[in-house]
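Comments concern the structure below.
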Amino acid sequence: MAEGVVTEAGGTARLRAWLLSDSPESTFHARCQRFYLGWRAFRTNPIAMIGLSIIATLVLAAVFAPLLTQGDGAEQHLSDRLLAPSAEHWFGTDELGRDIYERIVWGSRITLYIVGLVGVMVVPIGLLIGTVAGYVGGWVDTVLMRFTDIFLAFPRLILALAFVSALGPGIENAVLAIALTTWSPYARLARAETITIRNSEYIMAARLQGASAWRILYGHIMPLCLSSVIIRLTLDMAGIILTAAGLGFLGLGAQPPLPEWGAMISTGRQYILDQWWVAAVPGLAIFVVSLGFNLLGDGLRDVLDPKSGSAG
Amino acid sequence: MAHSGNPIAGTGTGSSPRLLIARAANLLFTLSLTFVGLTAITFIIGRVMPADPVLAIVGDRAPKEVYEAMYLKLGLDKPLIQQYLIYLVNVLQGDFGKSIMTTRLVLDDLIRFFPATFELASIATLAGIFIGVPMGVVAAVRQGRLTDHIVRVVGLIGYSVPIFWLGLMALLVFYARLEWLPGPGRIEVYYDGIVDPITGFILIDSAVQGEWEVFNNALSHLVLPAAMLATYALAYIARMTRSFMLDQLSQEYVITARVKGLSELAVIWRHAFRNVLVQLITIIGLTYASLLEGSVLTETVFAWPGIGQYITNSLFNADMNAVIGGTVVVGICFVGINMISDTLYRLVDPRVR
Amino acid sequence: MHKTLACLALGLVLALGGTVATAKTPNDTLVMAKDMSDIITLDPAEVFEFTGGELIANIYDRVMMFEPEDLTKLVGGVAESYTVSDDGKTITLKVRAGQTFHSGNPVTAEDVAFSLRRVIKLNKTPSFIFTQFGWSADNVDSLVKATDAMTVSLTINAEFSPGLVLNSLQAGVGSVVDKKTVMANEKDGDLGYEWLKNHSAGSGAFSLKTWNANELVTLEANPNYRHGAPGVKRVIIRHVPEPSAQRLLVEKGDVDIARNLQPDQIKGLAGNNDVVIGKYPKAGLTYVATNDAHEILGKPKVRLAMRYLIDYEGMVNSFLAGEYKIHQAVWPSGLWGSYDETPFSLDVGKAKALLAEAGYPDGFKIQIDTLTEAPFSEIAQSIQQSLAKAGIESQITLSEGKTLWPKYRARKHEIIVARWSPDYIDPHSNTDSFAHNPDNRLEAKLTGKLAWRTSWFDPEINALTEAAAKELDLGKRKQMYAELQQKVQMVSPFSIMFQRSEQAVLRKNVKGYVSGSNFDLVFYRNITK
């Protein structure tokens, strides 16, 4: 495909040349190049590409949900309850006569919302605690890391359960609970990275130029830690989805009538003997999406961290 | 026992007594810190929960006087920190208080429920090891080939599937439809009480007492939930084994061994695998610990009377003594297993400082 | 890979080898599947939950009883006969001769007096059933007395219909406990309270062998029961919260009776010849309560509009089919004094008009709280949809009872969907809770009364409730209840929706299961297999 592009349009060819040139002219240029090279390696990795396409489908489904469905997945038709999958209802209908296909599509928004929000909360907390501990060192490091260790030692699902019961059921509270139980490994990771670059020449140089500790942390160290944190996050996404689904399954996540997949399994459980699809379909959706994130994460690691030794 | 190419061989273990004491002190400190942290967090959660422990005892239609009498009896009028300290002192004396839900001592409950989880997690971990390790090794040896891809994908699938959902589906297929395996529960109720709980592990107790019918029944009940948990264990162990093996197989000593004309099997199992073993211990420890706590959902699906279900039920019932007790026990196991595997790792592999 | 396959195969073979081909329950044991998460105690002076109530009904004989042979007739239980004095203030009970407790001790007047006094002295939740007679810890020793070995005299210290008093003695608090055994296990003057929570000392058809919370209850037959030994030697009740799991267990013959199947699961059992479905009308009600202290919901027109925004028919014909029927008054149909008019049905136009009159033509936003268990989530979602048709936007929160009730008791709810069962079979049991609120102040904390919880205060209704409870003439009393219920139906914050029937699934060899109108009228003693 790449070869085809060259002969087609001069613009893309020039872009390609720019991306592959030996001497980058700016930081931005260099970053683009790194990204492009990574992408080229990534593209040859079939596993990662499958993952990427699953996630892309999820995102597209979430964005175009109104176009993909006729209703909003909440409309009840008590006369059409528990219908088997058919041409009219691809995945059948649930206990209140709602179309399961529509609910799955709309549910993708909730899934994305959960992983997105957890990511947005976990990364800054982990980065901040980890880099500060790693950079400042001494007693600050000890205190912060002991604190982190307590959270690491905590049985995570139980802690999340307890948090949600304390905060009350609901999707935001579930997100908060998951975030509170997931940030600790990120702090450890960021600390380890910080320690390896703390004494590098270029940080020394910045320090000599009189940059404040905060500036060094924010401007130099955090960006460097970001990539490994992001990989870790991608790998964790599946876990986050599964935890959220588990909370939903126990009735502590999204509240009805929200089409959260875990909660859908939970209600479908009542009907599993005669109407298996009510529980099977949302479970399958969770499975496919978390598999997608795992494949993607695995592929990303192959590309960005050749040390892991997996060949694509 | 040719260790010629082994980079570890020859390096002596250098742990002096002083180092050991320091390490033990550190261990103790971490443990107690974790303990205090665990209890404090759970305690605070328990006190801010919307579920009302008083109502859990007196019932939802209790009149004012009954309610207030119990409120005072539970000491809920005292400041939070004082309540916590009282609790902590009691726990240190081995008194976890009484469970509202079961009307028994939490400690007695834990002794009853914990073995069920332990039994389940142990069997699942064992299954994970016996299937996952060979899978990982084979995948590494055949890196990039079909077998490798299959193992990788199987691993990722085990990682990605919601275990509680898989459990439901397995019940549907193997119990409801095919009738191959029994349904939820640890044992058929009418076998309950036949075997004296000596160890609390039904399999061991029934075998020791020669109650083979009970043993069979318990074993068949164990298959599905253990298989569900094993799915996760297997996936994780296979993945990590593969990656460790790949590391070792690219080492020079492996190449040397091959050049020396050792058979491939010997190279893989006697040399490379022996070194991987050390790292595997950590991974297996981690798996074990996470199964102990991760069984919450599996126990719910399979009505398994284990610690996970005990904690969840207690949470819903505002039975805070039980929740804290359960969490502390799971937390301690969690930390304990991690530390044991960490120590083993240090003992076996002196490269680690 | 080959090794892996071999391991897998081996595992499978081992697993299958261990399977007991078809598990059948032993012949002398009845195994029942039930959701028992509500039990918090088995002390008859404290039991106020459905499952606990049912269990103690089979363990303890009560002063007055309904017997499985005729569930409509109140007869003497431990008491053989009673006489009411002319002024209606004193009831003299004659204890039946020849009864023994499970311990072998004879049942005497002293045990009866002790049991009733114990309820007052322990002062647990259900004690209000007796305190309304004017009994208190200070005077109960003189008002409840054993006058000789087999005679007990009860003095009523308040204006109360003696019929109502006799009905109350049939409640769980009327259970007679074995004084000697209980006092032998007394600790720190607790009248055996700690011990009786999970032990039994009764004279009923069964004794309690084990209670493992959220696991199982084992009852052992009392061979010396006054009606003869029960049909089975043991009853094991297994806690199975999942209705679908219950269905499987009963289908496979792993249990003999399953108690909590949902209508859809019952439907799925049609055509299965191994099981029989028993349907037993119950006195349990499902209702919607609006908080009267809420600025919008407190408006009478809004309250009334709520009644027209519930799709009673739709629900009863779909996910509630077979188990629930429409009933809209506070005292359930089929019982003395019931009121069976059902004036309300889904009528969005009418509701909209009412809302417009109240000043909310475009609706409003509101919170709905309900229980996690089926079918409350479905009912709430159906109501949510019909509310939306009138422009009312609502948000549902599902909670476990332990979280929901504190909110309700603290008057912090807006709309709540909940259930209710009477404590004893007399209309006063329900009107007292739904309609009687003598003190609406927050500090009064009359948390046991639903009227107080919803901040509903109506002096006229209060007076009517009190008068009906005192009325001695049965015909007049019945009429007063009809009038009271009609009023409550129109003006209260309660939209009563449904009355429940229990649908129990029995293996076809199980005979003699009796389940009466109330939760504690379930009898195991006639069951045979």
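The values are calculated or read from the model by the stated rules, or taken from the named source; none is laboratory data. Everything numeric in this text was worked out from a predicted model, so none of it was measured. We place every Cβ from the backbone using ideal geometry, glycine too, and count neighbours over all the protein chains shown. Protein only, heavy atoms only, side chains kept; ligands, DNA and RNA dropped before computing areas. Shrake-Rupley method; radii C 1.70, N 1.55, O 1.52, S 1.80 Å.
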| field | 1.4 Å probe accessible area per residue over chain B, in Å² | value | 42 Å²
| request: Could you check how much of the accessible area of chain B is carbon and sulfur, as a whole percent, using a 1.4 Å probe? | output: 66 percent
| request: Calculate, for chain A, the solvent-accessible area per residue in square angstrom, rolling a 1.4 angstrom probe over the heavy atoms of the protein chains. | output: 44 Å²
| task | Give B:K64/C:K89; C:K34/C:K279; C:K301/C:K476; C:K73/C:K197; C:K34/C:K209; C:K73/C:K209 a once-over and call out the pairs whose C-alpha atoms are over 21 Å from each other. | result | B:K64/C:K89; C:K301/C:K476; C:K73/C:K197; C:K73/C:K209
| request: Would you mind checking which residues have amide H under 5 Å from A:E260's amide H? H placed 1.01 Å from N; only 5 or more apart, or other chain. | output: none
| If one takes the longest principal axis of the Cα atoms in chain A, at what angle in degrees, from 0 to 90 and to the nearest 10, does the Cα axis of helix A:10-20 lie? | 60 degrees
| task | Note down the relative contact order for chain C as a percent, whole number, built from C-alpha pairs under 8 angstrom at least six residues apart. | result | 19 percent
| note | Each label sits 7 Å from Cα toward the beta-carbon; between C:Q479 and C:L442 the label points are separated, in nm, by 4.4 nm
| field | Probe 1.4 Å, protein heavy atoms only - accessible area per residue of chain C in square angstrom | value | 35 Å²
| said: Just to be sure I understand the interface: list residues from segment C:379-407 that lose 30 Å² or more of accessible area between the chain on its own and the complete protein assembly, 1.4 Å probe. | reply: C:Q381, C:Q384, C:Q385, C:I396, C:L398, C:E400, C:K402, C:T403, C:W405, C:P406
| task | Obtain the nm distance between the two label points defined at B:I194 and C:A97 by a simple spin-label model: each point lies 7 Å from its Cα along the Cα-to-C-beta direction. | result | 4.7 nm
| Dipole magnitude of chain B about its Cα centre, charges +1 at Lys/Arg Cβ and -1 at Asp/Glu Cβ only, in debye to the nearest 20? | 1520 debye
| said: Just to be sure I follow: if Rg is taken over the C-alpha atoms of segment C:45-199 and Rh is the Kirkwood radius over the same atoms, what is Rg/Rh? | reply: 0.93
| query | Taking both sides together, what accessible area is buried at the B/C interface, probe 1.4 Å, expressed in Å² and rounded to the nearest 100? | reply | 4800 Å²
| remark: Expressed in µm² per second, the diffusion coefficient of the protein assembly as shown from the Stokes-Einstein equation, with Rh the Kirkwood radius over alpha carbon pairs, at 4 °C and 1.567 mPa s, is 39 µm²/s
| Just which residues of segment B:139-171 lose 50 Å² or more accessible area with every protein chain there, against their chain alone, with the probe set to 1.4 Å? | B:R152, B:L156, B:S160, B:P162, B:F164, B:W165, B:L168
| query | Average partner chain C-beta neighbours within 10 Å, per residue of C:238-247? | reply | 6
| said: Quick check: the angle from helix B:273-301's long axis to the longest principal axis of chain B, C-alpha only, nearest 10 degrees? | reply: 30 degrees
| A:A30 to B:T147: FRET efficiency via 1/(1 + (r/R0)^6), r the Cβ-Cβ distance, R0 41 Å, to the nearest 0.05? | 0.55
| remark: Once normalised by the length of chain A, the mean sequence separation of its alpha carbon contacts under 8 Å that are 6 or more apart gives a contact order in percent of 22 percent
| task | May I ask for the distance between the Cα centers of segment A:144-192 and segment C:271-343, given as a whole number of Å? | result | 43 Å
| task | Mind grabbing the interface size between A and B? I mean buried accessible area, both sides, 1.4 Å probe, in Å² to the nearest hundred. | result | 4200 Å²
| What is the set of long-range amide H partners of C:S501 at a cut-off below 5 Å, with H atoms built 1.01 Å from backbone N? | C:K282, C:Y324, C:K325
| note | When chain B is treated as a Gaussian network with springs between alpha carbons less than 10 Å apart, the largest mean-square fluctuation among B:K78, B:K98, B:K64 is found at B:K64
| request: Past 21 Å, Cα to Cα, is the threshold; run C:K24/C:K511; C:K121/C:K407; B:K73/C:K402 against it and keep the listed order. | output: C:K121/C:K407
| remark: By accessible area (1.4 Å), largest first, B:L28, A:L291, C:L297 order as B:L28, A:L291, C:L297
| task | Take the alpha carbon gyration tensor of segment B:108-348, find the square roots of its eigenvalues, order them as a ≥ b ≥ c, and report rounded if a/c is under 1.5; if not, report prolate when a/b exceeds b/c, else oblate. | result | prolate
| field | Rounded if a/c under 1.5, otherwise prolate or oblate - chain C, Cα gyration tensor axes | value | oblate
| query | Given H placed on each backbone N at 1.01 Å, which residues far from C:V276 in sequence or on other chains put an amide H within less than 5 Å of it? | reply | C:L506, C:R507, C:K508
| query | For B:A207 and C:T210, what does the FRET efficiency come to when R0 = 25 Å and r is the distance between their Cβ atoms, rounded to the nearest 0.05? | reply | 0.55
| note | Here the residues of segment A:263-292 whose accessible area is at least 50 Å² smaller with all protein chains than in the chain alone (probe 1.4 Å) are A:R269, A:Q270, A:I272, A:L273, A:D274, A:F287
| query | Under a point-charge model restricted to the Cβ atoms of Lys and Arg (+1) and Asp and Glu (-1), what is the dipole moment magnitude of segment C:177-335 relative to its Cα centre, in debye to the nearest 20? | reply | 400 debye
| query | Between C:V84 and C:E460, what is the FRET efficiency for a Förster distance of 22 Å, r being their Cβ-Cβ separation, to the nearest 0.05? | reply | 0.10
| field | Normalised contact order of chain B, rounded percent, pairs of Cα under 8 Å and 6 or more residues apart | value | 28 percent
| Magnitude of the charge dipole, segment C:390-485, Cβ model with Lys/Arg +1 and Asp/Glu -1, debye to 20 | 360 debye
| request: Mind checking which of B:F164, B:Y232, B:I187 is farthest towards the positive end of segment B:108-348's charge dipole, using Cβ charges of +1 (Lys, Arg) and -1 (Asp, Glu) about the Cα centre? | output: B:Y232
| field | Given chain A, longest segment not containing exposed loop GluC sites (Glu not before Pro) (DSSP; at most 11 other Cβ within 10 Å) | value | A:89-312
| Using a probe radius of 1.4 Å on protein heavy atoms only, what is the accessible area buried between chains C and A, both sides summed, to the nearest 100 Å²? | 1900 Å²
| field | ³J(HN,Hα) computed for each position of segment A:278-291 - Karplus, 6.51 cos²θ - 1.76 cosθ + 1.60, integer Hz, glycine/proline x | value | 4, 8, 5, 5, x, x, 5, 4, 4, 4, 4, 5, 6, 4
| request: Check every DSSP H run in chain C and write down those whose alpha carbon atoms cover 18 angstrom or more along the long axis and whose mean Kyte-Doolittle hydropathy is -0.5 or greater. | output: C:2-17, C:109-122, C:376-389
| Calculated from backbone phi, Karplus (6.51, -1.76, 1.60) coupling profile of segment A:179-192 in Hz, x at Gly/Pro | 4, 4, 9, 10, 6, 4, x, 5, 5, 4, 4, 5, 5, 4
| Fraction of accessible area attributable to carbon and sulfur, chain C (%, probe 1.4 Å) | 53 percent
| remark: Answer check: segment C:283-501, Cα atoms, Kirkwood Rh, Rg/Rh ratio of 0.94
| remark: In order over segment A:142-155: 3J(HN,Hα) from phi, Karplus 6.51/-1.76/1.60, θ = phi - 60°, whole Hz, x for each Gly or Pro, gives 4, 4, 4, 6, 4, 4, 4, 4, 4, 5, 5, 6, 5, x
| Rounded, prolate or oblate (a/c below 1.5 giving rounded, otherwise prolate when a/b exceeds b/c) for chain A by Cα gyration tensor | oblate
